[in-house]
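Just so it is clear, none of the values below were taken in a lab; they were calculated from the coordinates. Keep in mind that what you see is a predicted model, and the values were worked out from it rather than measured.
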Ligand code: NDP
Ligand code: 8X3
């Protein structure tokens with residue numbers, strides 16, 4: 001029987017690349033996000049290449065919708081082997097003392113509470129089956145704050161704490177927990193951060209060769225495909241000319 005990977009935020013960037021990577025490697029995939037038409041398009045493509053795909057459209061901030069989606073899974077999709085908690089992003093890059101309450105709520109509700117909701121819904125089954133892997137997409141931003149990063153950095157620090165906490169709580173089982181911490185990855189991330197300002201978003205990746213969603217999917221898959229006795233706890237993955245969240249050498 002094929003293994004099952006569920007990827008949140010599979011409609012774009014890192015999540016989409018993860019869904020493709022798992023599909024290429026023989027997994028059946030559950031792809032989630034809010035945009036139904038984007039999920040459907042990816043599903044058609046992956047099915048065309050022989051992968052069984054289930055699409056679930058819901059907002060990870062909506063606990064009831066998330067619970068209905070997971071509890072309503074058809075029997076053959078219930079035994080999820082890999083959960084990639086990827087849905088999320090940054091909203092705003094303002095100083096902490098002038099930031100937007102709405103942006104803060106969106107980041108905290110999505111990056112922390114959404115991830116927790118998915119973990120709470122899916123990990124009990126993994127513990128019961130004594131197998132599974134949770135991959136949380138953290139960030140270099142969780143290691144140290146940078147200018148304007150404040151709340152986003154705090155949410156990614158929380159992802160580290162929640163990954164470490166879960167790893168402790170499942171240590172008596174064969175379930176593994178990995179925190180992947182990327183640096184600059186060129187996706188829709190900066191367009192979201194700058195509320196749709198594409199020009200400002202493009203500037204983030206000027207003068208440096210950024211990572212791609214595919215680079216991150218390779219790290220995710222590396223951790224998941226390691227032998228069963230190996231738990232890759234964390235991977236910090238940066239572009240060659242990035243040294244930390246705030247040190248970036250640009251040509
Ligand atoms: P994208 O903006 O390209 O993708 C974000 C994904 O998250 C989309 O699929 C979006 O789907 C989904 N999403 C956002 N909000 C929600 C929500 N409320 N409910 C369900 N899905 C949601 O960005 P990335 O691929 O770059 O980001 C993915 C993850 O990687 C994020 O957690 C981000 O913080 C992290 N990361 C990104 C880095 C980067 O430089 N790009 C570096 C380090 C970490 P939809 O719109 O369909 O709901
Ligand atoms: C995304 C990477 O450096 O823009 O988490 O925060 S960064």
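In region 170-218, the inverse of the mean reciprocal separation of distinct Cα atoms equals 12.9 Å; this is its Kirkwood hydrodynamic radius. Based on DSSP H segments of at least four residues, each scored -39500 (n - 2.57), the chain has a per-residue ellipticity at 222 nm of -12000 deg cm²/dmol.
Taking every DSSP beta bridge that has both residues in the chain, what percent is antiparallel when rounded to the nearest 5? Show your work: numbers first, answer last.
Values: 1 of 27 bridges.
For the chain, the DSSP antiparallel bridge percentage is about 5.
The alpha carbon centroids of region 111-131 and region 155-180 are separated by 11 Å.
Calculate the translational D of region 116-233 in whole µm² s⁻¹ from Stokes-Einstein, where the hydrodynamic radius comes from the Kirkwood formula applied to all Cα pairs, the temperature is 25 °C and the viscosity 0.890 mPa s. Answer, rounded: 156 µm²/s.
Classified by the C-alpha gyration tensor, region 207-247 has an oblate form. Its axis ratio a/c, with a ≥ b ≥ c, is 1.5 or above, and a/b does not exceed b/c. For the chain, the relative contact order comes to 20 percent (Cα pairs under 8 Å, sequence separation of at least 6). Across all directions, the shadow cast by the convex hull of the chain built on its C-alpha atoms averages 13.2 square nanometres.
Reported to the nearest whole Å, the Cα centre-to-centre distance from region 202-251 to region 62-110 is 21.
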